[in-house]
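Undergrad: Handing you this structure, nothing more for now.
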Amino acid sequence: MGITARGVGLLVAAVVLLGVGFRFAYPELTLLGAAAGAAVGYAALVAAWRPRLTVTRRADPDRVARGEPASMTLTVRNAGRLRSANLLAEDRCGERSVPVPVLRLRPGRDTEVRYDVPTHRRGVVPVGPLRVTRRDPLGLVALARPYGAAVPVWVYPRIHPLTAVPTGAGRSLDGRVDGVPHGSITFDSLREYVVGDELRRVHWRTSARVGELMVRENVDTSLPRLVVLLDNRAAAHPQRVGGVAESFESACEAAASIVTAAHRADLPVVLLFAAAEPDPPAGAPGEKADLGPALGPLDRLAAAELSGDADAVRAATTRLRQDRLGDTLIFLTGPGGRDELGHLGALRGAYPSVVVGVFGAAEPTPPGAAGLVVVDAADGAQFAAEWDGVRRW
């Protein structure tokens, strides 16, 4: 609850009038001071009354590529029996506020507001909650309350079409490179039985030992398994244009393009970040928005931020060497990431195919750097255009 400048003035006047009235025995001044104090108290009671409002919002769509249109439809309904007078409302949309007309909203009626959500930048735009401010008729006290939950709108990086995805050699889980022309099936892991699994895949010996049915999981080792490592270190993207690292935005576009092309081709792909990913986006201060299902690769790219961890690439390459998540490694970085190419070159024993994408560099990467295939590109569109020349190696 906040007292307006008018309310502060009236409250000070009430204290002065009461003090002077009692000190010098002026009943008229005492009466005026009591009336002023009562007015401020009445204003506080009026502003403290909480109107019964229901807020629903609908994003259309809630996930959109950068630059594509997106809108938010907000509906506010008066669920109380009394007319909600002297109400001001505004909805939060990213960094800006959108006015919502709720003044004297009749009981049982609703008002609807539709506005555009800014999508000119990749990221997660928090929309909401609705902030309703109630004032007393004299404008002495104002009380603001949040209504409804915050809803995130995911702005994905631009996705550029790729003519093909990498077709590097498949690596069998026992360490052999698979050369079977029509593919092969290799045991991967065991999991619990679920309704619909074929009984011929039940591993009876393990089932008898653990006391419940266990099923074999197999993988096709002839398929290329892609690993996309995005360098999200601030040191790798030192240049800023309007406070934005354009090389990092281009790297996100390239990662989104590769992941999308792999999914369309039904190829297994893993998206990793060099540094730790940020926490889920927040709604109101101190609150977190309802994100719904687990985040997918494009959601993670939309929420990606730069990190100050300068040694993240070295730690990431160590994990990649130990885990061997695939056979084709794609490292996407900026001008400041070329110093780490030696660590990527050391992974060629674990990953038969290693490709590096460098974005926003003033000069091309020296040929044969660390023995890697390097693609220098100004942005994501140029990377997609040059991708076809290096998609087979």
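Undergrad: Within the group Leu88, Leu18, which residue is surrounded by 13 or more Cβ atoms within 10 Å (Cβ to Cβ) and over 33 Å from the mean Cα position of the chain (by Cα)?
TA: Leu18
Undergrad: Right, something else. Filter segment 276-298 down to the residues that are buried (at least 20 other Cβ atoms within 10 Å of the Cβ) and modelled with pLDDT of 90 or more and list them by number.
TA: Leu298
Undergrad: Considering every residue within segment 163-175, establish whether at least one is at pLDDT below 85, over 23 Å from Ala43 (Cβ atoms), in a strand (DSSP E or B) and in contact with a Gly (Cβ under 8 Å, 6 or more places away or on another chain).
TA: Yes.
Undergrad: Has segment 26-41 got at least one residue that is under 15 Å from Gly139 (Cβ atoms), of a type in the set (S, T, N, Q) and surrounded by 13 or more Cβ atoms within 10 Å (Cβ to Cβ)?
TA: No, segment 26-41 contains no residue that is under 15 Å from Gly139 (Cβ atoms), of a type in the set (S, T, N, Q) and surrounded by 13 or more Cβ atoms within 10 Å (Cβ to Cβ).
Undergrad: Another question, then. Out of segment 42-71, which residues are open to solvent by less than 60 Å² (accessible area, probe 1.4 Å) and in a loop (DSSP other than H, G, I, E, B)?
TA: Pro51, Pro61, Arg66, Gly67, Ala70
Undergrad: Could you tell me whether Glu68 is acidic (Asp, Glu), over 23 Å from Asp110 (Cβ atoms) and modelled with pLDDT of 90 or more?
TA: Taking the combined requirement at face value, the residue satisfies it.
Undergrad: Tell me the residue from Arg338, Arg321 that is over 27 Å from Ala245 (Cα atoms), basic (Lys, Arg) and outside any loop (DSSP other than H, G, I, E, B), please.
TA: Step by step, each of Arg338, Arg321 is checked, and only Arg321 is over 27 Å from Ala245 (Cα atoms), basic (Lys, Arg) and outside any loop (DSSP other than H, G, I, E, B).
Undergrad: Cβ-Cβ distance below 7 Å, separation of 6 or more or different chains: which pairs start in segment 185-200 with a residue that is open to solvent by 70 Å² or more (accessible area, probe 1.4 Å) and acidic (Asp, Glu) and end on one that is at pLDDT below 80 and not in a strand (DSSP E or B)?
TA: Hits for this filter: Asp188/Leu173.
Undergrad: Could you check segment 203-215 and list, in sequence order, the residues that are open to solvent by less than 80 Å² (accessible area, probe 1.4 Å) and under 40 Å from the mean Cα position of the chain (by Cα)?
TA: Leu213, Met214, Val215
Undergrad: Any idea which residue in segment 240-263 is nearest to Asp311 (Cα to Cα), counting only those that are modelled with pLDDT under 90 and either among the aromatic types (Phe, Trp, Tyr) or assigned to a loop (DSSP other than H, G, I, E, B) (or both)?
TA: Across segment 240-263, the extreme among qualifying residues is Arg240.
Undergrad: Further question on the same structure: Which one is surrounded by the most Cβ atoms within 10 Å (Cβ to Cβ) among residues in segment 306-338 that are in contact with a helix residue (DSSP H, G or I) (Cβ under 9 Å, 6 or more places away or on another chain) and charged (D, E, K, R)?
TA: This residue is Arg338.
The values are calculated or read from the model by the stated rules, or taken from the named source; none is laboratory data. As the structure is a prediction and not an experimental result, all values here were calculated from the model. Backbone-built Cβ (ideal geometry, glycine too); neighbour counts: all protein chains shown. The area values use the complete protein model at the heavy-atom level, side chains included, leaving out ligands, DNA and RNA. Shrake-Rupley method; radii C 1.70, N 1.55, O 1.52, S 1.80 Å.
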